[in-house]
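Laboratory data are not the source of any read-out in this text; all were calculated from the coordinates shown. Everything quoted here is computed from the prediction, not taken from an experiment. Counting neighbours? That spans all protein chains shown, and the Cβs are built from the backbone with ideal geometry, glycine included.
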Amino acid sequence: MYANKRNNLQLAALLLKHEIREVVTCPGSRNAPLVHTFAAHPDFHCYKVTDERSAGFFAIGRIMQTHRPVAVCCTSGSALLNIIPAVAEAFYQQLPLVVISADRPPQWIGQMDGQTLMQPDALASLVKKTVQLPEPTTQEEEWYCNRLINEALLALHLSGEGPVHINVPISEPLFDFSATALPDERVISHLQLTNRITATNQVERLLCEHKEKFSSAMLIVGQEAFQCLSARDLNALRAKNIVVLTEHLSNITTLNTHCITCFDAIIYAASEEKQQALVPDLLFTVGGHIVSKRLKRLLRKIQPKVHLHFSLTDQTPDLYQCLTAVVTATTQQAIDFMASSMKCFMEDVSYLRLWEGWQEQIMKSHDSFTPQVWSDWLVFRQFFAGMPQHSALHLANSSAVRLAQFFSLPSATKVYVNRGVNGIEGSLSTAVGYAAAAQQLTFMVIGDLSFFYDQNALWNAHVNKGLRVLLVNNGGGQIFTTLPHATNSPYLHEYIAGEHSTTAQGIVEAYHCSYLLATTEEELNAALPTFFSDASERAIVLEVHTDKINNEATLQTYYKWLKTKI
């Protein structure tokens, strides 16, 4: 029987799955659930050492002898501080020491309760990673706890070896030993690859363990600053029946029609039963951020059986809550593996045809959707229809980046978005910096809150005459009004969405840029030729005023229209 503490059980299970079986234990009450569980499980070999300083060095001795990671477990308070000399030695010797410290619940730290101090950062300068586990009460908290433990144990070996610290808050009661078994916890792997042959062998070995589970495969290409795939790559992936999902941020959407670019619309239009069929057995991901919230929700709700993320970083992004392994590889190496090396061939073409068929149904009639009122939708449609080829396109966050995804890009368009943290600040400044020495036109599509927040971007001696800013001013943060149940708040428009009546003309002209204004479709069509021209001697800001009520009505009409297409 084991201690009935969820984080305690998850930790023990994952230590075993990461093949860490030796634990040096120190006496104490707060760590009693941990020590009991380790001692009670037949696969752990426990060594009891009373003095924490000696225990840490004893663990180092075991690491030297076994050449494997060893854990040392102590109680709360100053007990942890006594392990610091051994942690320092492990850090500078690059030895994989796992420090597990029991702790009081965080709400009691600094409240004059016994044996309490700020434990999570106590070893911060001497360990490769510190994690503070939750005391899970929900499924999401269990996933979070699982992910943190995996991240800590993976860090033992990433970019060289070294110690890690896992801090485990434990509430009373401490001596409930009613758990009959350890949970079957998901283990995340990090495949350290040194060359392509190693990459192929390690990944194929992992896939072969699950091979009978795969009948469908998908690649999601996240944000890439530069084009990462060629048309030849995409053709090779399609030959393997791998569905490729891309957004404009991936910078490959103009290459070829084999990509699924309107997947957000497909997910929305599909019934719950049809959504089930959209989820692959095997998921590959490369690149950075994905904008679509619907895709994230779908893959978190209905999870693929295996998820491999290819990256050169040591991070472990578990965006879809089903990560199996992070594979160290460039995007091109990952594509080459999937297209050429992978023996796990998807022979069933039905999954690919399902996605491509639904995309064809939506795209075939997409241009026929015409709003009945002047709206952001019409602005974006007219802009993308006339935007010159071979241009650079910068998109601000919130509505701009999301609405842009509904429309096809001109050929050879390069797309840039500050999607790292998705903030509204700095998008215009980034576009100004990009355009400063650019030879081609640089377009910036931005909403009003983002523009006015970053208006000092134009207060700059390096504003290039090739900069073109499409400012869509709908009098506030339009995207906030579309959030579920947002209308329940009477303060939605004034406070939450930042409603305003500011216009940009004075600001633009003060910074010696050319200013254009459109308040109707006719005025927009009249302004766009000048906006798209490269003959101007100044940067141009085209401010377009739309109405938030019409914008919302248009989106709702479009979504209803979508439901009729699948």
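Per-residue ellipticity at 222 nm, computed for the chain from helices alone with -39500 (n - 2.57) per DSSP H run of at least four residues, works out to -10500 deg cm²/dmol.
Remark on region 303-414: ratio of C-alpha radius of gyration to 2.2 N^0.38 Å is 1.44. For region 423-469, the square roots a ≥ b ≥ c of the C-alpha gyration tensor eigenvalues yield an a/c of 1.5 or more together with a/b exceeding b/c, which makes the shape prolate.
All other residues with a Cβ under 13 Å from the Cβ of Leu517 taken together, and with Lys, Arg as +1 and Asp, Glu as -1, what is their net charge?
Charge balance near Leu517 sits at -4.
What shape does region 24-85 have by the C-alpha gyration tensor, where a ≥ b ≥ c are the square roots of the eigenvalues, rounded means a/c under 1.5, and otherwise prolate means a/b greater than b/c and oblate the rest? Oblate.
Which pairs in the list Lys301/Lys414; Lys129/Lys414; Lys129/Lys240; Lys213/Lys293; Lys293/Lys560 are over 29 Å apart, alpha-carbon to alpha-carbon? Exceeds cut-off: Lys301/Lys414; Lys129/Lys414; Lys129/Lys240. Put simply, the amide H of Ala179, placed in the peptide plane, has neighbours under 5 Å in Tyr2, Asn4, leaving out anything fewer than 5 places away on its chain. Loop-resident trypsin sites (Lys or Arg not before Pro) (DSSP state other than H, G, I, E or B) in region 288-355 with no more than 13 further Cβ atoms inside 10 Å of their Cβ: Lys343.
Using a ≥ b ≥ c from the Cα gyration tensor of region 113-169 (square roots of the eigenvalues), is it rounded, prolate or oblate, where a/c under 1.5 gives rounded and otherwise the larger of a/b and b/c decides, a/b for prolate? Taking the square roots of the gyration eigenvalues as a ≥ b ≥ c, region 113-169 is oblate. Return the lysines within reach of Lys565: Cα separation strictly under 17 angstrom, same-chain partners fewer than 8 residues apart disregarded; answer none if there are no such residues. Candidates past the 8-residue exclusion: Lys274, Lys364. Sequence-distant contacts, meaning Cα pairs under 8 Å at least 6 residues apart, place the relative contact order of the chain at 10 percent. Counting only other residues whose beta carbon sits under 13 Å from that of Gln382, what net charge do I get with K and R as +1, D and E as -1? Local charge sum for Gln382: -4. Using the Cβ-Cβ distance between His500 and Thr557 with R0 = 35 Å, the FRET efficiency computed as 1/(1 + (r/R0)^6) comes to roughly 0.85.
Give me the percent of Cα-Cα pairs in region 102-248 that sit more than 25 Å apart, rounded to a whole number. It works out to 54 percent of all Cα pairs.
Which of Glu356, Glu247, Glu273, Glu185 comes first, and how do the rest follow, when ranked by fewest Cβ neighbours within 10 Å?
Glu273, Glu356, Glu185, Glu247
Around Phe38, with a cut-off of 13 angstrom between Cβ atoms, what is the net charge of the other residues, counting Lys and Arg +1 and Asp and Glu -1? Net local charge, Phe38 excluded: +1. Given [x] 1.02; [y] 1.13; [z] 1.43, which label gives Cα Rg over 2.2 N^0.38 Å as computed from the coordinates? After the calculation, the listed value that fits is [y]. Straight-distance candidates among the aspartates and glutamates for linking to Lys48, with alpha-carbon spacing under 16 Å and chain neighbours fewer than 8 residues away dropped: Glu22.
Across region 376-562, Cα-Cα pairs more than 23 Å apart make up 39 percent of the total.
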